[in-house]
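Here is the structure we will look at.
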Amino acid sequence: MVQTELKCYHCGQLCEDRQFAVDEKSFCCYGCKVVFEIINDNNLCAYYQYDAHPGATARVVDEEAFLFLDEPAVQKKLLEFQSASFARVRFNVPAVHCVSCIWLLENLRKLDAGILRSEVNFARKSVLIDFNPERVSLKRIASLMASVGYVPQIQLDSEKASAPVSNKSLVTRLAVAGFCFGNVMLFSFPEYLGLDHSDAALKMVFSFLNLVLSVPVLVYSARDYFYSARKSFAQRQINIDVPIAAGLLALFFRSAWDILTGFGPGYLDSFTGLVFFLLIGRWFQSKTYESLAFDRDFRAYFPLAIRKLFRDEWKPVVIYELEPGDVIQVRNLEIIPADSKLLKGEVFIDYSFVTGESRPARAVEGDLVYAGGRLIGQPATFVVEKGTSQSHLTSLWNHESFRKREESKYQRTIDRAARAFTWVVMVIALGTAVFWYYFRPEEMWLVVTAVLMVACPCALALAAPFTYGSMLRAFGRNQLYLKNADVIERLAAVNAIVFDKTGTVTHGTHPEITFEGQLTEEDRRAVKTLTSFSTHPLSKMITASLSSPGVADIQEFRELPGKGIEGRSAGKTYAIGSAEFVCARPQDLHGQTRVWISVNGTVRGYFAIRTTLRDGIYAMIFRLGDACKGVLSGDNESERTLMARLFGPKATLRFNQDPHDKRAYVEELQQQGKKVLMIGDGLNDAGALKQADVGLAVTDDSGVFTPGSDGILFGQRMEDLDKFIRLARRSHRILRMGFGISFLYNAVALTFAVSGNLTPLVAAVLMPISSISVVSFASVAVRWAARREELN
């Protein structure tokens, strides 16, 4: 009777006991059986369709093992965000190894309704989980993950995200291949030197030693190629590792046959060298992707400032300079840059930047407020609890709630080309085998292997990410900080540009400010304090122009975007803003911007402000030409003449625009088929920035920033806007040239390989060289293009 070995349906290990069976499926242990039942009961059996035996061996984990996760002190260290109905945690999950793992972990919400969303970072072996703490506990989530075979690795003493590390396993396999390759070359010297027949026995011994040395290269060093090929067949797809695996198997077994039958020494020097150089190429590729895939340092992508207390004076500092214990002041609509405790009072925090939902949360004295929240209302003072995270704000900015609709055109092209590439290579290899079988059969295996090795889409795959990655760095060096690489593609397609006026086209470096009316010293102090609470450019100008000593006690502060601010002090109600907002009678503006003041409903006068244009704005608008479609402003028409002279007669000039009006105008242009770039300060134009194909928020020294924007432009670089657009368009040309280099390499290399003029060893050397050439070209070309545009 033949005894067949049964493999576990879940993890693939041998079943030593058949009592663990469900629905005619065998399991190696009770844990794997339980996992299958959980997956089956929740209609998640598609998990097993992506791969055969995808699971890790699952031993039953007692939920009590995670009791410590209910401790508040532990949760404080683990949770990235916590509120009554929303929390976020990131777990390391070393067991993640394939697409099935990703699929199951990203469907955890189907196992427990309290889990809102889960997202796997395969490169870092981690999963980010949003959940409702009122419906599911952190302990329950951890035990649930463990129950399906993915025990979270919890490290309470590791607060800093580690940088990507090289794959030690890959380095070890590379070392083994290198050692064996060197020794096989050494033992092949008798064959190289052409020794006579009297040394036939010695040559045979050396051949068998070569075969022994080649076995670990086959089963250990080259295992990833075979594993990947098997996975692709299980998923009914063909990837680039299939022809490589086929070539390696053909070369090894043909060589083994030759040695065992005494026909010849085989090609084991080529086989071991082939694996060695292939692994060098894979190591280089992994290092290249590491340089692109690590979490971008927010210091290069968030040039935001916050007011920090230095002795008795508030001074703006860049957020990455904050340290635990620093006292900071956050004003209305500013982003809280680091986890901090509220020093006094009561505030409301809008966490839409974190959760994607705009539901202000109340915080009182002593409460912990999380990084990424936006203060709503009166300014508040905080003590920094943690330094600003290296990647937290950048990941929030890239939250799915703020993503644009369009998918990358080039990414779709690359995906289609990669899918077709492997089939083309397989067809060429088959045709080559048929030809050489009849023409010179003894060389067929070497020629076919060379064809399978030299045709590589790695250079094609690297062209786009490395070109756009280099371009992101070039923009960052010049103080334009883009959300991600997709923005570059959309920026290059822009053909209509819309500007906000105040704080974007104009600024208040040297404004002329006069007050017409009557204010007591008490009123002036209250007005100065009120305007200091706002981050609007006009408010900051007024604050700087008033010299009243002291700070007024303000209650019930409120800011209405596009209208004004109001609050109470010493029993009086102050309103500061447009004439309509304070119920003032409109007058001839004489080319001035006027900010009106009312006290207890009585108009007391106005500040007349003459702002200046940003340096270089005239030349920049001229270079952009007809692409400048309009100016949208929430202010009055005092500067219509100046704007008309600046933008010309074809531009649309709209004043007294509220946020909805601005968004509607952007939609109107898009309905006409335009690709719209909207540039504003992020205060009254957040909706327009999000609606536009590309939205850039201009900042000078403020922490105000809208997550719906696609980039942050430092105010002093506004004059270079046209250069940035041209540089983005150059990226398309650089990318096409990178594709051209890749296709040219493959065409030339395949020609030499098919004709028998390329050995497998040389083919393996050429693979990493092709990738190096594309990466080097992208880096040099982007730097050259930036210099052509007179950028750094």
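The values are calculated or read from the model by the stated rules, or taken from the named source; none is laboratory data. Keep in mind that what you see is a predicted model, and the values were worked out from it rather than measured. Heads up, the Cβs are rebuilt from the backbone with ideal geometry, glycines too, and the neighbour counts pull from every protein chain shown. Surface areas here come from the heavy atoms of the whole protein model, side chains and all, with no ligands, DNA or RNA. Shrake-Rupley method; radii C 1.70, N 1.55, O 1.52, S 1.80 Å.
Annotations
- Expressed as a whole percent, the accessible surface of the range 512-610 that belongs to carbon and sulfur atoms is 47, based on a 1.4 Å probe.
- In the range 508-623, Cα pairs under 8 Å separated by at least six residues give a relative contact order of 27 percent.
- For Leu721, the shell of other residues with beta-carbons less than 11 Å away shows a net charge of +2, using +1 for Lys and Arg and -1 for Asp and Glu.
- Per-residue packing, averaged as other Cβ atoms within 10 Å, sorts the ranges 722-728, 317-323 into the order 722-728, 317-323, beginning with the highest.
- Sorting 528-539, 557-568 by average packing, meaning the other beta carbons within 10 Å per residue, from highest down gives 528-539, 557-568.
- Restraint check, Lys650/Lys674; Lys501/Lys674; Lys168/Lys483; Lys76/Lys308; Lys386/Lys528; Lys308/Lys540, Cα-Cα greater than 27 Å: Lys168/Lys483; Lys386/Lys528
- Peptides 200-206, 675-681 ordered by packing proxy, namely the average of other Cβ atoms within 10 Å per residue, highest first: 675-681, 200-206.
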